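Here is the structure we will look at, set down as structure tokens.
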Amino acid sequence: MTNMNKTIGILAHVDAGKTTFSEQLLFHTKSIKKRGRVDHQNAFLDSHDIERQRGITVFADQAMFEYGGSVYYLIDTPGHVDFSPEMERAIQVMDAAIIIISAVEGVEGHTETVWNLLKKHRIPVFFFINKMDRTGADASRVLNEIRSSLTEDVYEISEALSNGAMSEELIEFIAERDEELLEHYMEKGYEPGIWLKTMQKLIKAAKVFPCSNGSALQDIGVESFLAKLDLLTMTDFPADEPFSGRVYKIRYEENGTRVTYIKALSGVLNVRDELAYGGGQREKITQIRRYNGKQFEQVSQVHGGELFAATGLTEATAGDGVGALKEKAVYEMVPTLRSKVVFEAGVNAKEVLRYFRMLEAEDPSLNVVWEERLQEIHLHVMGKIQLEVLEQVIRERFSLKVVFEKPEILYKETIQSEVIGYGHFEPLRHYAGFI
């Protein structure tokens with residue numbers, strides 16, 4: 001399997017070792033010369049000061065590496081629930097996801113949230129049970145938790161799959177999930193090539209979920225996991241179709257340039273091409289960039305399966321289809337809190353609003369509201385940590401000191417169940433009742 005573009009996402013509950021695992025993948029593929037650590041504040045993908053100070057991933061950043069003839073785009077996503085909308089926007093462009101689970105803590109609340117989102121978007125999933133070096137680590141207990149809380153279609157491949165050869169149990173596990181293969185098994189027995197192709201197909205269809213274990217910190221099991229991931233994943237982006245893609249992120253540079261991050265899904269896009277998006281807007285692509293961490297190189301064209309950033313699109317928003325793809329992505333992670341922005345007297349409110357509109361372009365879930373009558377800015381957030389990070393971002397990027405009022409819960413009324421009503425009228429009295 002060669003010359004494929006694959007976008008791989010790393011997801012987890014906070015502190016499961018996601019960023020450390022990503023660093024090991026980049027190190028083993030010679031994408032970075034030295035492994036960073038979150039606790040040493042030198043992780044390649046946690047490049048923002050805020051992330052390094054807090055020791056958590058806040059922004060879904062990407063890196064590139066080559067392995068087995070394929071080009072990989074690696075996205076390290078936030079693990080804290082407050083930054084779930086950022087994680088969900090990244091999920092929509094993944095070809096496969098790796099869920100990291102701590103061998104000590106096991107399946108946690110946010111792990112289930114991550115799993116449900118991946119399931120909804122039908123993303124192939126690999127599990128990596130991490131921190132096997134720690135006291136209290138128990139891979140078989142965690143595997144049972146995955147089976148009971150997430151999916152029964154998980155299989156531990158650490159020992160069961162080696163150089164394409166499968167254990168008897170894995171052969172049966174695959175055959176049981178494909179009718180044609182089961183018939184073949186009963187009549188002719190096991191054939192490695194057919195089994196491997198079927199396993200790849202079942203993984204791509206999100207019907208089978210491989211699992212491995214090890215320790216990212218001690219570099220145990222990561223390299224063999226990568227070899228299996230490469231063997232079992234396959235992508236296909238039509239080259240002979242018109243260009244299409246999906247916007248998954250917007251960022252503003254210090255000089256105000258709006259950068260639009262896109263996953264190419266088919267065809268070819270060249271610099272200076274006009275690209276259609278949104279409600280029929282067409283704008284010229286002035287620059288195409290390929291990012292690896294904070295660094296980027298300018299390229300003249302991109303093909304299906306590549307992650308790239310473009311300048312020239314002034315109004316594209318996260319979730320927009322571009323080119324031949326028309327429909328907009330629908331996001332599920334919606335903030336439940338609303339807060340008012342408080343800024344110093346004498347500061348121009350409209351100027352502050354302009355900054356918040358830029359932040360809203362980068363994170364549409366903020367849903368910034370301008371109350372004209374009161375001259376107030378309100379926004380929607382997931383929680384307290386997000387507000388603290390926003391305060392710091394605004395101070396560093398715009399040299400503006402703001403605080404946020406204590407957030408209020410956003411109440412949303414919905415119809416819970418169906419009711420049947422009946423009415424009755426008499427000359428002296430009338431009433432209505434409900435069943």
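Read-outs: derived from the displayed coordinates by stated rules, not from any lab. In this text, all values refer to a predicted model and were calculated from it rather than measured experimentally. Neighbour counts are summed over all protein chains in view; Cβ atoms, including those assigned to glycine, are modelled from backbone coordinates with ideal geometry.
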Is any residue of the range 375-411 close enough, with backbone N under 13 Å, to a label point placed 7 angstrom from the Cα of Glu351 along the Cα-Cβ axis, and if so, which? 398-401
Here the relative contact order (percent) of the chain, from C-alpha pairs under 8 Å and at least 6 apart, is 13 percent
Between Glu179 and Gln287, what FRET efficiency follows from the Cβ-Cβ distance if R0 is 51 Å, with the result rounded to 0.05? 0.50
Which links in Lys201/Lys249; Lys6/Lys284; Lys120/Lys207; Lys18/Lys204; Lys263/Lys294; Lys263/Lys284 stretch past 24 Å when you go from one Cα to the other? Lys201/Lys249; Lys6/Lys284
Given the peptides 344-351, 152-159, arrange them by the average over their residues of other C-beta atoms within 10 Å, most packed first. 152-159, 344-351
Here, Val268 and Glu332, labelled 7 Å along Cα→Cβ, have an inter-label distance in nm of 3.8 nm
Report the charge-dipole magnitude of the chain in Debye, nearest 20, computed about the Cα centre from +1 at each Lys and Arg Cβ and -1 at each Asp and Glu Cβ. 1260 debye
Go through the range 184-284 and name the GluC sites (Glu not before Pro) that are in a DSSP coil and have 11 or fewer other Cβ atoms within 10 Å of their Cβ. Glu253, Glu254
Run the numbers for Glu112 and Gln301: contour at 0.36 nm per residue of separation, minus the present Cα-Cα distance, in nm. 64.2 nm
